[in-house]
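The values are calculated or read from the model by the stated rules, or taken from the named source; none is laboratory data. None of these values were measured; they are calculated from a predicted model. Positions of Cβ are generated from backbone atoms using ideal geometry, with glycine treated the same way; all protein chains shown enter the neighbour counts. For the accessible areas, the whole protein counts, side chains as well, though only heavy atoms, and no ligand, DNA or RNA atoms are used. Shrake-Rupley method; radii C 1.70, N 1.55, O 1.52, S 1.80 Å.
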Protein chains: 4
Amino acid sequence: MDLGAIVSETWTELADERGSGNPARYIPALALVDPNKFGIALATSDGEVFCAGNADEAFSIQSISKVFALALALEREGPALWDAVGREPSGNAFNSIVQLEREKGIPRNPFINSGAIVTTDRFIGDRSPDEAVEDLLARLKRMGRDETIRFDPEVARSESETGSRNRSLAWFLADFGRLLNPVEDVLSVYFRQCALAMSCRQLAESALFLAFDGTDPVTGQQMCSASRARRINALMLLCGHYDNSGQFAFEVGFPGKSGVGGGILASVPGRAAIAVWSPGLNRAGTSLLGAKALAQIARRTGWSVFSGKLPEI
Amino acid sequence: MDLGAIVSETWTELADERGSGNPARYIPALALVDPNKFGIALATSDGEVFCAGNADEAFSIQSISKVFALALALEREGPALWDAVGREPSGNAFNSIVQLEREKGIPRNPFINSGAIVTTDRFIGDRSPDEAVEDLLARLKRMGRDETIRFDPEVARSESETGSRNRSLAWFLADFGRLLNPVEDVLSVYFRQCALAMSCRQLAESALFLAFDGTDPVTGQQMCSASRARRINALMLLCGHYDNSGQFAFEVGFPGKSGVGGGILASVPGRAAIAVWSPGLNRAGTSLLGAKALAQIARRTGWSVFSGKLPEI
Amino acid sequence: MDLGAIVSETWTELADERGSGNPARYIPALALVDPNKFGIALATSDGEVFCAGNADEAFSIQSISKVFALALALEREGPALWDAVGREPSGNAFNSIVQLEREKGIPRNPFINSGAIVTTDRFIGDRSPDEAVEDLLARLKRMGRDETIRFDPEVARSESETGSRNRSLAWFLADFGRLLNPVEDVLSVYFRQCALAMSCRQLAESALFLAFDGTDPVTGQQMCSASRARRINALMLLCGHYDNSGQFAFEVGFPGKSGVGGGILASVPGRAAIAVWSPGLNRAGTSLLGAKALAQIARRTGWSVFSGKLPEI
Amino acid sequence: MDLGAIVSETWTELADERGSGNPARYIPALALVDPNKFGIALATSDGEVFCAGNADEAFSIQSISKVFALALALEREGPALWDAVGREPSGNAFNSIVQLEREKGIPRNPFINSGAIVTTDRFIGDRSPDEAVEDLLARLKRMGRDETIRFDPEVARSESETGSRNRSLAWFLADFGRLLNPVEDVLSVYFRQCALAMSCRQLAESALFLAFDGTDPVTGQQMCSASRARRINALMLLCGHYDNSGQFAFEVGFPGKSGVGGGILASVPGRAAIAVWSPGLNRAGTSLLGAKALAQIARRTGWSVFSGKLPEI
């Protein structure tokens, strides 16, 4: 299978639709991004990365960071994390507080905002916010094999200034006694984590361990156990796209995680990690062109976790 | 891989836990079932079926029937079905009406009760209730390669007599103009469909087409397109176990559908179809021992749609 | 105070606005009513009834009947009724099922549809539906001092044919075991009760007992205890206009009950009973012109249960 | 009518029940109050104040302050206030955020916490928090004709330290752009306002204007228009006791406002203002003994806004 051709044909076929969807406007720094950006990167186990378009340009990964935060919080806390956050789809918008009230401050899953705030709190643990942020960055540099990965301080400031809903969620969690650290400490890490700037290439390389049972197939470095990697994939498939996850599983068929910056990170177990970027979003907050590109790649490769065809090796 | 040994070892290891969980009591006919029943059947593409325990005893498949109803409704309606029912997890109990009010009578997915009622309505189409029921039964006999598959009239009567909540859901749908047929006609098919009696062996054989891209690998008969089979798997993974689907995906890792009769039907794409039965349920209405058995089989086989290991062929 | 002049001036001042608002269309028989109808009747303790406009024309009283049903159910059941239905405002639409699910089938109050269905069920008690309906009609004829009060069979049939939402609510209540009688029996009384046809004059006369501590001041006949009459007034003030009750209490300032037929019945404790009728409704289902007329009468008379002025006697 | 005897008999009859109910514990400073405190004060238009028990001891008025805040915010803003906060009962707990999400940040009424936060924000207007607080205090000293009325700084600090839920509500409002002032500024006034310490006597005297159409009948000073006073009474009747307002209207029958400090302030239009205090609360957060005392006074005086008896003058 010529993966390079598939990536570039997918890009070419969709290039005319650049600019469709609506970029997130609630953070000024995001509203400034050129809506015509469109990048694809597909990383495989033998170290190759097939790229198209703006695949090497860093963008704000936003909620995609929740996947890395989850992996790192699980590493620190182990299964005890699941006492503080659930593993079920929410059936509500990503920033809804309704369910949180009914379920007494236990967020439904680590990929809605309230759940990600709890995850970040546990990742901080007994460290200072700055120590936690440095640790997160160091890990990502190692996973992405790139020392230039960084936060966008402008976006982080913007996140904090416009972060009323997240502040409300965090105080709500605090009211139920669900946070170990002070609200503003947790948010200071959370806002910086959302403001990570990475390229499609960096994202795809960083996430190979998810597609290969916890071990980066290129460096041989184990990030987590096989069972944990599979479970993170399960959560991505069920909850990775807010109230749009069913649609994504249905159309694309592999685990993924969206961010309102227009990025989507997908893990294709046993095959590849793929990152796409296009700022225009659909109504549920997932990149419109990004989801289309992944559906195309799924169709062209025949990859799907639901495929009945055994792979040709 | 010795699948026969895996099935029997799984059964033996869990046999002491027979009777755990709480059988459904809301239908008198279900409350009479011996809680110590425990059966497993695993069907593969070469026609073999590995069984253990009460694998050949028919039980009330209840909501597992929603998978077959969905496949048949899609065959009649095509993608237009998705105008009437969604594809997202509900984040609520299987019989909740709250979301249905908020979303104006469009059920979240075909596996919650309201969604299944809509699916049944579309499967009936312009036929009489009895014609639809006969067609459903004929299909299942063919899929299960067994002429003895039948409804349990006692359970169907019991369903109807205790079906107040389903009546309420159906009238609610009717109020929003979401049903094509009269409420009592739809319910008369729905209650009979839920009262189908099948054994683990019959279920596993009937569902092989889901695991093999729409075609029964034993008979070569195509039940639906590859893409449709994959999508049904996606829905089972995301919504197959009520408000317990995340937990199941997390622990087991393949598409499945529970019924309150204690059965679970699982599709392992490219590998097998598995049915388990044990009447005791967990709090969310999924068979307690059944879910454990599937988790064991997943662990012993290494099968998971999220596995990063390429299969050895 | 010249109440006759106040009634006719109010009518004249608002007559130009006849036809404003939107008449209920969900029942065909209601949609046929001339939207320009506008009647006012004000009955006092000395037996006088001041009328204006279409005050002697019978219209479908719809939910206003819930006040009479409540009084009669309390007479049969006593305070035990309050185990089956609450006394709190709902904060939701009149036909919402959401709260009913959360509160396990105990309706918030007797004036939302689910609560009225329970009230009707208790009013029926161990009688047949037809006996209950005859009793209700006999009572109203006595209260309204008019043998011609009757049901509109066309509206009752229309109610039943379009009553999907009420059927859904009733089956929902039945599912929680909240009804003593079969669902269709309860609904058959409920639909006829909603289809009562009465004029403003008949309504005002029938409700004088509410304004005068339970005893009709004209006939001296006691309908209920003073304490019960006051409590029914309290419920009307808090819950009489669906999710619009606060607005009505704020603008008008006395207990009232709306019906989607465009009628409003108001009780002014110690002073009068007033009925108004104009088919056009506001967004919450209360007669637009009717509420304006009552606000005008409140302003002109200075009457308000919140008035700090002691009455001049 | 011997009001002095009624007040003291009511106190005596209920004195044995002192200590019943559960004092609020969420604020440490409230948990320290002697649960056996029980005071009653009834102020009439001729300047008399009938007292019993601990009627001259200051306690934390908590949410009773919302009535004064509303009157003062209406004075500053006029009816424009109603664009920012509704006038309907909520059908939910006092601190619920669910409805606020559904209704996009417009609180249901000024007496639930979110609504009171908006009211406080508008009362602050373009002033500094400290200026607003000083103004509020000056007004209350004048209304209560007592220069010693003050804030309890210990309670205010306690409120702020335990105010996570209120912080969450305020940030939620801010997220919808519903606050004119910075969240912490609004909360700093809100927490001090809740920490006002007043006695039953001071409360009753301060609230006479509500019972007498906006003008203090003793000093002749006009606090607000008759229409505004009546409307505040309407809101107190409909929404004054959280999700317990229907019960209170039903049992007591006049407008009131509870605070979790165990106080209840009642306005009896045309008659009197009454304040009671007993720290033990019922499940909905209203003083258990306080509500009983008011029901007794209502019974003994025959006062009720729903009474059909014209007053003997």
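Measuring only protein heavy atoms, the 1.4 Å probe finds A:V7 accessible over about 0 Å².
Surface burial for D against C, with a 1.4 Å probe and both sides summed, reaches about 3600 Å² of accessible area.
Remark: label point of C:L180 defined 7 Å out from Cα along the Cα-Cβ vector; separations to the same position in other copies 4.4, 5.6, 5.8 nm, ascending.
Using the Cβ-Cβ distance between A:L180 and A:E134 with R0 = 22 Å, the FRET efficiency computed as 1/(1 + (r/R0)^6) comes to roughly 0.70. Counting charges near A:E101 (Lys, Arg +1; Asp, Glu -1) among other residues having Cβ under 13 Å from its Cβ returns a value of +4.
For the set A:K37, C:K292, B:K309, the ranking by accessible area, highest first and with no ligand, DNA or RNA atoms included, is B:K309, C:K292, A:K37 under a 1.4 Å probe. Measuring spread by the Cα atoms of the range C:23-128 yields a radius of gyration and Dmax of 17.0, 47 Å. Figure legend: label point modelled 7 angstrom from the Cα of C:R283 along Cα→Cβ; residues of the range C:237-258 with amide N under 12 Å from it are C:244. The solvent-accessible area of C:V260, taken with every protein chain present and a 1.4 Å probe, is close to 20 Å². Annotation for B:E17, label-to-label distances across the other copies: 4.5, 5.2, 6.8 nm (shortest first, one decimal, point 7 Å from Cα along Cα→Cβ).
What average count of beta carbons from other chains do you get within 10 Å of the Cβ of residues in C:230-240? If you can, show how the numbers build up before the last one.
Working: counts 9, 6, 2, 8, 13, 4, 1, 7, 9, 5, 0.
Across C:230-240, the average partner-chain Cβ count within 10 Å equals 6.
Let's see if you can work this out: charge +1 on each Lys and Arg Cβ, -1 on each Asp and Glu Cβ, no other charges. What is the dipole magnitude of the range A:64-194 about its Cα centre, in debye to the nearest 20? All intermediate terms of the calculation are to be shown ahead of the outcome.
Numbers: 18 positive and 21 negative charges, 78 e Å.
It works out to roughly 380 debye.
Using a Förster radius of 25 Å, what is the FRET efficiency between C:A15 and D:W82 based on their Cβ-Cβ separation? Nearest 0.05, please. Display every interim value, and only then the final one.
Working: r = 29 Å, r/R0 = 1.14.
The value I calculate is 0.30.
Which is the longest stretch in chain D that no exposed loop site breaks, taking sites as GluC sites (Glu not before Pro) with a DSSP loop state and at most 16 other Cβ atoms within 10 Å? With GluC sites (Glu not before Pro) excluded where exposed in loops, chain D gives D:148-311 as its longest stretch.
A loss of 30 Å² or more of accessible area (1.4 Å probe, protein heavy atoms, ligands and nucleic acids excluded) relative to the isolated chain is seen in these residues of the range A:143-171: A:S164, A:R165, A:R167, A:S168, A:W171.
With each run of n ≥ 4 DSSP H residues scored as -39500 (n - 2.57), what mean residue ellipticity at 222 nm is computed for chain D after dividing by its residue count and rounding to the nearest 500 deg cm²/dmol? It would help to have the intermediate numbers written out before the result.
On the way: 14 runs with 140 residues, N = 313.
Theoretical 222 nm ellipticity from helices: -13000 deg cm²/dmol.
For the protein assembly as shown, the per residue solvent-accessible surface stands at 33 Å², with DNA, RNA and ligands left out and a 1.4 Å probe. Beyond 31 Å in Cα-Cα separation lie the following of the pairs B:K37/B:K309; A:K66/C:K104; B:K104/C:K257: B:K37/B:K309; A:K66/C:K104.
Computed from Cα atoms alone, the Kirkwood hydrodynamic radius reported for the protein assembly as shown is 33.1 Å. Evaluating kT/(6 pi eta Rh) at 25 °C and 0.890 mPa s, with the Kirkwood radius of the range B:63-196 over Cα pairs in the Stokes-Einstein relation, gives 167 µm² s⁻¹.
Just the protein heavy atoms count here, and of the accessible area of the range C:63-196 at 1.4 Å, carbon and sulfur take up 47 percent.
For the rotation that carries chain D onto chain B, the axis lies closest to a Cβ at D:R102, 4, where the number is the distance in whole Å.
Counting, for every residue in A:81-92, the Cβ atoms of other protein chains within 10 Å of its Cβ and taking the mean gives 5.
Report the equivalent ellipsoid semi-axes for chain B in whole Å, largest first, defined as the square roots of five times the eigenvalues of the gyration tensor built from alpha carbon atoms. Provide the component values of the computation, followed by the final result.
On the way: eigenvalues 164, 88, 70 Å².
For chain B, the semi-axes come out at 29, 21, 19 Å.
Counting only heavy atoms of the protein chains and using a 1.4 Å probe, D:L208 has close to 0 Å² of accessible surface. Here is what passes the span test in chain A: the DSSP H helices with alpha carbon length of 15 Å or more along the helix axis and a Kyte-Doolittle mean of 0.0 or above are A:3-14, A:65-77, A:113-124, A:183-194, A:226-239, A:288-301. Label-to-label distances for D:S128 across copies, nearest first, come out at 3.3, 8.1, 8.6 nm, using points 7 Å from Cα in the beta-carbon direction. Within the shell of other residues whose beta carbon sits under 14 angstrom from the beta carbon of B:A80, the net charge comes to +1, with Lys and Arg scored +1 and Asp and Glu -1.
Need the full-extension length gain, C:E48 to C:T162, defined as separation in residues times 0.36 nm minus the C-alpha distance. One decimal, nm.
On the way: separation 114, 0.36 × 114 = 41.04 nm, distance 3.91 nm.
Residue separation times 0.36 nm, minus the Cα-Cα distance, leaves 37.1 nm.
Interface residues of the range D:94-116, defined as those with an accessible-area decrease of at least 20 Å² between the chain by itself and the complete set of protein chains (probe 1.4 Å), are D:I97, D:V98, D:E101, D:R102, D:R108.
Give me the dipole magnitude in Debye, nearest 20, for the protein assembly as shown about the Cα centre, with unit charges on the beta carbon: positive for Lys and Arg, negative for Asp and Glu.
Details: 128 positive and 148 negative charges, 0 e Å.
It works out to roughly 0 debye.
For peptide C:274-282, how many partner chain Cβ atoms fall within 10 Å of a residue's Cβ, on average?
Working: counts 0, 0, 0, 0, 0, 0, 0, 0, 0.
Mean partner shielding for this stretch: 0.
Nearest 0.05, what FRET efficiency do A:Q222 and B:Q221 give at R0 = 30 Å with Cβ-Cβ as r? About 0.10, to the nearest 0.05.
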